[in-house]
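Notes for the one structure printed next.
The values are calculated or read from the model by the stated rules, or taken from the named source; none is laboratory data. Small disclaimer: the values here were computed from a predicted structure and weren't measured. No Cβ is skipped: glycine too gets one built from the backbone with ideal geometry, and neighbour counts run over all protein chains shown.
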Amino acid sequence: MTGRRKFSYLSSILFVLAGCVFFSSASFAQNGGELRFCLRTEPKTFDPLLVDDDSSLAIRYLTGGVLVRTNRHTQELEPELAESWKVSADGKQITFKLRRAVRFSDGSAFSADDVAFTMNRMMDPALHSSTGDAFRSGSGTVTTKVVSADQVAITFPAAVVGMDRLFDQVAIMSAHSPKKEKAVLGPFLVADYKPGASVKLERNPYYWKKDAQGRQLPYIDAVDIDIQANRDVEMLRFKRGELDLINALDTDYFDRLGSTSPQLVHDAGPSLDSDFMWFNQVASAPIPDYKKAWFRSTNFRRAVSEAINRDDLSRIVYNGHAQPGVGPVSPANKFWFNSALKAEAHNPQAALERLKADGFHMQNGTLVDKSGNPVEFSIVTNAGSKPRERMSVLIQEDLAKVGIKVNLVPLDFPSLIERISQKFNYECAILGFRNVGLDPNEQMNIWLSSAENHAWNPQQKSPETAWEAEIDKLMRAQASTSNLKKRKEAFDRVQQIVYEQAPMIYLINQNSLSAVSASVNGANPGILYPQTFWNAERLTINGTATAKR
Amino acid sequence: MKIARLVACVVVVAVCATSLGAHWLAPAGYARQFREAPGAPPSRAHLLGTDEVGRDRFARVLYGTRISLLLAPAAALVSTALAALIGGLAGYVGGIWLRLARAFTDLFLSLPWLFLLITVRAVLPLNVSPLVSVLITFLILGLLGWAASARVLATSADSLRNSDFVLQARASGLHGARLFIVHVLPNLKPVLYAQFWISIPVFILSEANLGVLGLGVAEPLPSWGSLLRELEGLISFREEPWRLAPLLLLIVVMTSFQVLLSNEEVTA
């Protein structure tokens, strides 16, 4: 080989190698590709101020621009369309300094007028906006003052607790665009909607956000969302590579997929969701008086709580993808969880001791009360919920070990709701909360004794027990101050009272499980909604995988 | 055909006998939870493995078979008796009563069965033992399942009413209940048998449907319906084929009933 030919040969190799490096890095950094996933129900609305279902929430999250955003990973509040903000000392006013040179998806400019328009529309009682309801702190009107093109002050008639975090849900609408809600400030815009079939989102060409290298976000071109209620079909399509993400994966599917492709499944730890049981304590309920006496006894409720083996519930029902429940707040809620509390330990002996203190005793293997009535009650839950039905079966056996006979009654959901909220014709129920917010204020409708959702004894004219009166006082106290430390102290005490009195017996907090295809780069599934695509603007799709679609 | 009937008969008898011997064949019982081994594959200790909460699947299949196979015929008996009473009598009396009975059965047949069952199940008392709940479930099935049989019996009784031998009996002075019991009812017997046999698999499947919705027999008592719920979410048959045992048993027993039934129908 001559020197010239050698040079030519080497330069060819270098050229090929350089080409490979260039194209491989380009394929990673290159914008493009389509993210595909399923929603289980049809979005009820595309109006961001009328959202009250999960599917509409997903569309709003991907298309709506907000002033501030709760980081789904750190749970910290971060600036978005607002560069900065300030809440007044009395908690009634918030002032936003807005980002400049931001445009809606139709090219029109964003200004303080749009924030004022959105607030006025949202707080209009005629709109019945559930997003707006969270801001209604007292009677009177909300005033919005446009200080300048990039500064706006919003004043509420009374203090709104945790006000700045509530703006995470407020997608700003254009005051002037003829496209109305179709003009958006988020990373994507709705390009096509086939009712009952799919929603197609495309990249917002005017999206304001850029990455550290100065490249405009989002990286991907489109989001293709199919409406698919059947979870078996969703899983099959994911396995076939037709879908990239699955949110809120069932335990069985998670383990099955994890056994073959562990790199695709993600367990982000305990979620905010909880399953719990409670006894009917309504004085007028059509159940025998001696049973009402049991259910109103703190010792009885605590004994039942102690007799339940929560570790088994987690291990058997959720294959270990759940944590024993502690109280109203999941340990996943980093700030508001009372870390001094621990899940009730399984201790049948201690349970029997507690029951003895109330006059219960064993008779031929059956627990009887002081009047000789055998302890037997029914547990209702919603038919079709396999985890809850399995939990009920385990609880049935746990309680049988302390002599309590439990009859399990799965009911269709409308019948169940009628029994627990209107006729109060039930003894014990197992249900769950699907929490999306972090702030305890969102639980006011559960803990106030006058509330409709005060499950065990709703709509009390005045608190029937001293501890319920104390909870009322503490919940109102935390809602009337913007001092976080005081709020935390008050809500910690609420959690402690709930733990000690056990009106709700918390069973488990399910882990947040999801699946992400290998073709998606940058996914970091978290516990807050939307678990898998909370950072959709920074996700990239593997070029090879995209080409295959 | 004769061999097929013989095999079917042997299968039904064998399944019935095995389920009746559940106490000896599966001493673990249907409710005991082996919590250290939930969802276990078949082993010497658990011939068909364990279910999601660690209960022996073999024991549950045997006890579930016992419940479904004993109570489905009982429900079929209730529904056939009701059908004979309503359809047979209306057909025998004829006239406006026959038209009324037909209209009523048509109306009853047009009701959404499953929703009716769910509604009736929801208003029942909550605090009943699993055994009472299973009896109630099948009683409801029996009480709601008479309409189709009643229509067939009404038509048969109507044709018998105008038959020569009934006319001759009338001419001989026989009337009312005596004529119905002595001459009409014995001639309706083959139709009644056929309707009885047809109803059994229908009720087994109805209970299975309720079980799939979680509204059938109360836990921890097993039935074919509650056992079939285990198959929800089963994507691949190859992964855990032993979970298909209740389904296979249901298919085998239903097929056997159909083979036996075809014989009854021929007789009818």
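Restricting the search to the range A:367-389, which residues are within 13 Å of chain B (Cβ to nearest Cβ) and of a type in the set (Val, Ile, Thr)? Step through it out loud before you land on a result.
Going through the range A:367-389, the residues within 13 Å of chain B (Cβ to nearest Cβ) turn out to be A:373-389.
Across the range A:367-389, the qualifying residues are A:Val375, A:Ile379, A:Val380, A:Thr381.
Among the residues of the range A:123-139, is there at least one that is modelled with pLDDT of 95 or more and charged (D, E, K, R)? So far as the range A:123-139 goes, no, none of its residues is modelled with pLDDT of 95 or more and charged (D, E, K, R).
Which strands (runs of 3 or more DSSP E) sit wholly inside the range A:60-166 and have at least 2 residues that are charged (D, E, K, R)? Please lay out each step first, then the result.
Details: elements: A:68-70, A:77-79, A:82-87, A:93-98, A:143-148, A:151-155.
Ranges flagged: A:82-87.
Inspect the range A:452-465 for any residue being under 26 Å from A:Phe295 (Cβ atoms), in contact (Cβ under 8 Å) with a residue 40 or more places away in the chain and hydrophobic (A, V, I, L, M, F, W, C) and give the result as yes or no. Within the range A:452-465 (the criterion being under 26 Å from A:Phe295 (Cβ atoms), in contact (Cβ under 8 Å) with a residue 40 or more places away in the chain and hydrophobic (A, V, I, L, M, F, W, C)), the answer is yes, since at least one residue qualifies.
Being surrounded by fewer than 16 Cβ atoms within 10 Å (Cβ to Cβ) and among the aromatic types (Phe, Trp, Tyr) holds for only one residue in B:Phe138, B:Phe115, and it is B:Phe115. Among the numbered conditions (1) within 27 Å of B:Arg35 (Cβ to Cβ); (2) among the polar types (S, T, N, Q); (3) buried (at least 19 other Cβ atoms within 10 Å of the Cβ), tell me where A:Asn435 comes up short. Condition not satisfied by A:Asn435: (1). Scanning the range A:220-270 for residues that are within 14 Å of chain B (Cβ to nearest Cβ), assigned to a loop (DSSP other than H, G, I, E, B) and buried (at least 20 other Cβ atoms within 10 Å of the Cβ) turns up just one, A:Leu249.
Of all positions in the range A:347-357, at least one carries a residue that is surrounded by fewer than 22 Cβ atoms within 10 Å (Cβ to Cβ), at pLDDT 95 or above, among the acidic types (Asp, Glu) and farther than 30 Å from B:Ala40 by Cβ.
Please work out if A:Gly214 is outside any strand (DSSP E or B) and either surrounded by fewer than 16 Cβ atoms within 10 Å (Cβ to Cβ) or hydroxyl-bearing (Ser, Thr, Tyr) (or both). Answer is yes for this residue. Contact map, the range A:265-285: first residue closer than 26 Å to A:Gly437 by Cβ, second residue at pLDDT 95 or above and among the aromatic types (Phe, Trp, Tyr), Cβ cut-off under 6 Å, separation 6 or more or different chains; pairs are A:Ser274/A:Tyr506; A:Phe276/A:Tyr506; A:Trp278/A:Trp456. Within the range A:402-427, the only residue that satisfies the criterion of being buried (at least 17 other Cβ atoms within 10 Å of the Cβ), over 25 Å from B:Leu116 (Cα atoms) and within 11 Å of chain B (Cβ to nearest Cβ) is A:Val406. Do you know which of the residues in the range B:54-76 that are farther than 13 Å from B:Leu25 by Cβ and either touching a Pro at 6+ places or on another chain (Cβ under 6 Å) or assigned to a strand (DSSP E or B) (or both) is farthest from the other protein chains (Cβ to nearest Cβ)? Checking each candidate, the answer is B:Gly64.
Residues that are under 21 Å from the mean Cα position of the chain (by Cα) and over 21 Å from A:Phe335 (Cβ atoms) within the range A:453-492 comprise A:Asn453, A:His454, A:Ala455, listed in sequence order.
Report, by residue number, each residue of the range A:202-222 that is farther than 20 Å from A:Arg69 by Cα and either free of Cβ contacts under 8 Å to residues at least 12 places away in the same chain or in contact with a helix residue (DSSP H, G or I) (Cβ under 6 Å, 6 or more places away or on another chain) (or both).
To start, the set of residues in the range A:202-222 that are farther than 20 Å from A:Arg69 by Cα comprises A:202, A:205, A:213-215, A:220-222.
Across the range A:202-222, the qualifying residues are A:Gln213, A:Gly214.
Checked against (1) at pLDDT 95 or above; (2) within 14 Å of chain B (Cβ to nearest Cβ); (3) under 20 Å from the mean Cα position of the chain (by Cα), A:Phe276 meets all criteria but (2).
For a quick check of your reading: which helices (runs of 4 or more DSSP H) sit entirely within the range B:150-224 and have at least 3 residues that are touching a Gly at 6+ places or on another chain (Cβ under 8 Å) and either away from every other protein chain (no Cβ under 14 Å) or buried (at least 22 other Cβ atoms within 10 Å of the Cβ) (or both)?
Working: elements: B:164-171, B:176-179, B:185-212.
Here the list reads B:185-212.
Quick check on A:Lys356: is it charged (D, E, K, R) and without any contact (Cβ under 8 Å) to a residue 40 or more places away in the chain?
Details: charged (D, E, K, R): yes; without any contact (Cβ under 8 Å) to a residue 40 or more places away in the chain: yes.
Considered against the rule, which asks whether it is charged (D, E, K, R) and without any contact (Cβ under 8 Å) to a residue 40 or more places away in the chain, A:Lys356 comes out as yes.
Would it be correct to say that A:Asn309 is at pLDDT below 95 and among the polar types (S, T, N, Q)? In short, no.
Within the range A:390-401, residues that are facing another protein chain (nearest Cβ under 9 Å) and among the basic types (Lys, Arg) sit with their Cβ atoms under 7 Å from residues that are surrounded by fewer than 21 Cβ atoms within 10 Å (Cβ to Cβ) and not in a helix (DSSP H, G or I), at 6+ positions apart or across chains, in these pairs: A:Arg390/B:Glu52.
Count of the range A:310-335 residues, restricted to those that are surrounded by fewer than 21 Cβ atoms within 10 Å (Cβ to Cβ) and touching a helix residue (DSSP H, G or I) at 6+ places or on another chain (Cβ under 6 Å), is 1. Checked against (1) in contact (Cβ under 8 Å) with a residue 40 or more places away in the chain; (2) among the charged types (D, E, K, R); (3) touching a Lys or Arg at 6+ places or on another chain (Cβ under 7 Å), A:Asp192 meets all criteria but (1). When you scan the range A:440-449, do you find a residue that is under 30 Å from A:Asn230 (Cα atoms) and either surrounded by 18 or more Cβ atoms within 10 Å (Cβ to Cβ) or within 11 Å of chain B (Cβ to nearest Cβ) (or both), even just one? No; the residues of the range A:440-449 include none that is under 30 Å from A:Asn230 (Cα atoms) and either surrounded by 18 or more Cβ atoms within 10 Å (Cβ to Cβ) or within 11 Å of chain B (Cβ to nearest Cβ) (or both). As for the range B:47-62, it holds no residue that is out of contact with any helix residue (DSSP H, G or I) (no Cβ under 8 Å at 6 or more places or on another chain) and surrounded by fewer than 20 Cβ atoms within 10 Å (Cβ to Cβ). Looking across the range B:34-78, just one residue is within 23 Å of B:Trp197 (Cα to Cα) and without any contact (Cβ under 8 Å) to a residue 24 or more places away in the chain, and that is B:Leu70.
Counting only residues that are under 29 Å from A:Gln443 (Cβ atoms) and without any contact (Cβ under 8 Å) to a residue 60 or more places away in the chain, which one in the range A:97-127 is surrounded by the fewest Cβ atoms within 10 Å (Cβ to Cβ)? Outline the logic, then answer.
Step one: filter the range A:97-127 for residues under 29 Å from A:Gln443 (Cβ atoms), giving A:115, A:118-127.
Those left that are additionally without any contact (Cβ under 8 Å) to a residue 60 or more places away in the chain: A:115, A:119-120, A:123-126.
Values: A:Val115: 26, A:Met119: 21, A:Asn120: 16, A:Met123: 21, A:Asp124: 13, A:Pro125: 10, A:Ala126: 6.
Taking the candidates together, the pick is A:Ala126.
Against the criterion of being closer than 27 Å to B:Trp197 by Cα and out of contact with any strand residue (DSSP E or B) (no Cβ under 6 Å at 6 or more places or on another chain), B:Arg170 does not qualify.
Does B:Leu117 fit the bill of being under 30 Å from B:Val12 (Cβ atoms), within 14 Å of chain A (Cβ to nearest Cβ) and part of a helix (DSSP H, G or I)?
Values: under 30 Å from B:Val12 (Cβ atoms): yes; within 14 Å of chain A (Cβ to nearest Cβ): yes; part of a helix (DSSP H, G or I): yes.
Against the criterion (under 30 Å from B:Val12 (Cβ atoms), within 14 Å of chain A (Cβ to nearest Cβ) and part of a helix (DSSP H, G or I)), B:Leu117 qualifies.
Any idea which residue in the range A:228-278 is farthest from A:Ala523 (Cα to Cα), counting only those that are touching a Lys or Arg at 6+ places or on another chain (Cβ under 6 Å) and not small (Gly, Ala, Ser)? That would be A:Asp273.
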